[in-house]
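Reviewing the structure listed below.
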Amino acid sequence: MKYNPDIHHRRSIRLKNYDYSSNGMYYVTLCTQDNAPLFGEAVGAAPCGRPATCVPNNASQMITKWLKKTEDKFPNTRIDKFVVMPKHIHFILCIQNGRAGRSGHAGPPLHTVVEWFKTMTTNEYIRGVKSDLFPPFNKRIWQRNYYERIIRGEIDYQHVWQYINENPAKWAEDEYFSN
């Protein structure tokens, strides 16, 4: 096969040979396509000399609703902590399966949960745009991929929890912030 520079070759950022349906905690970040500020706005950012806070809008409330519904759809999951920022969301997803069956796992893997969430929020977002509830978007709500990290132990968990908790106050310092 001849190399074609127009074809995007995506490398997986997932840990090879790791079962993402196994019991554990996962730190997940989903970013909006083109870093569009669809889920509210930051106010009081650096130019004002005050820390930023995020003001929610109807879309951020919809995102929160679907995060909570994730636990209903996937009873073996729990959203432990989350924050909805203007251009992205962070959350800790806990997967707690009972005894694994013959297949080696009892529930859906992380990517299935994330894809379901992205589908549900995209569908409702489209309806919200048509009803003038949400700001318009360009082709997609979410970036194609997402960031995840396996939380390894209590200290790691505490660092992630604190980062999520403090994220709105540190919005002006965030890599996704822009005025």
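Mind counting the residues in region 113-149 that are under 30 Å from residue 76 (Cβ atoms), hydrophobic (A, V, I, L, M, F, W, C) and part of a helix (DSSP H, G or I)?
Filtering region 113-149 down to residues under 30 Å from residue 76 (Cβ atoms) leaves 113-128, 140-149.
Those still in the list that are hydrophobic (A, V, I, L, M, F, W, C) too: 113-114, 116-117, 120, 126, 141-142.
Going one step further and asking which of them are part of a helix (DSSP H, G or I), we end up with 113-114, 116-117, 120, 126.
Total satisfying the criteria: 6.
Please tell me if residue 5 is in a loop (DSSP other than H, G, I, E, B), farther than 17 Å from residue 149 by Cβ, modelled with pLDDT of 90 or more and open to solvent by 10 Å² or more (accessible area, probe 1.4 Å).
no
Among the numbered conditions (1) assigned to a loop (DSSP other than H, G, I, E, B); (2) aromatic (Phe, Trp, Tyr); (3) at pLDDT below 90, tell me where residue 171 comes up short.
(1)
With a cut-off of at least 3 residues that are modelled with pLDDT of 90 or more and open to solvent by 30 Å² or more (accessible area, probe 1.4 Å), name the strands (runs of 3 or more DSSP E) lying wholly within region 48-96. Show your work before the answer.
Details: elements: 53-55, 77-84, 88-95.
Correct list: 77-84.
Condition check ((1) under 20 Å from residue 118 (Cβ atoms); (2) among the acidic types (Asp, Glu); (3) modelled with pLDDT of 90 or more) across all residues:
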residue	(1), (2), (3)
132	no, yes, yes
136	yes, no, yes
141	yes, no, yes
147	yes, no, yes
159	no, no, yes
163	no, no, yes
177	no, no, no
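Sort out which residues of region 151-170 are open to solvent by 80 Å² or more (accessible area, probe 1.4 Å) and of a type in the set (D, E, K, R), and write them in order of number.
152, 154, 170
Does region 34-43 contain any residue that is small (Gly, Ala, Ser) and at pLDDT below 90?
In the first step, residues of region 34-43 are kept if they are small (Gly, Ala, Ser); the result is 36, 40, 42.
From what's left, at pLDDT below 90: 40, 42.
Scanning region 34-43 turns up at least one residue that is small (Gly, Ala, Ser) and at pLDDT below 90.
The values are calculated or read from the model by the stated rules, or taken from the named source; none is laboratory data. Predicted, not measured: the structure shown is a model, and the values here were computed from it. Note that we place each Cβ from the backbone using ideal geometry, even for glycine, and neighbour counts take in every protein chain shown. Surface areas here come from the heavy atoms of the whole protein model, side chains and all, with no ligands, DNA or RNA. Shrake-Rupley method; radii C 1.70, N 1.55, O 1.52, S 1.80 Å.
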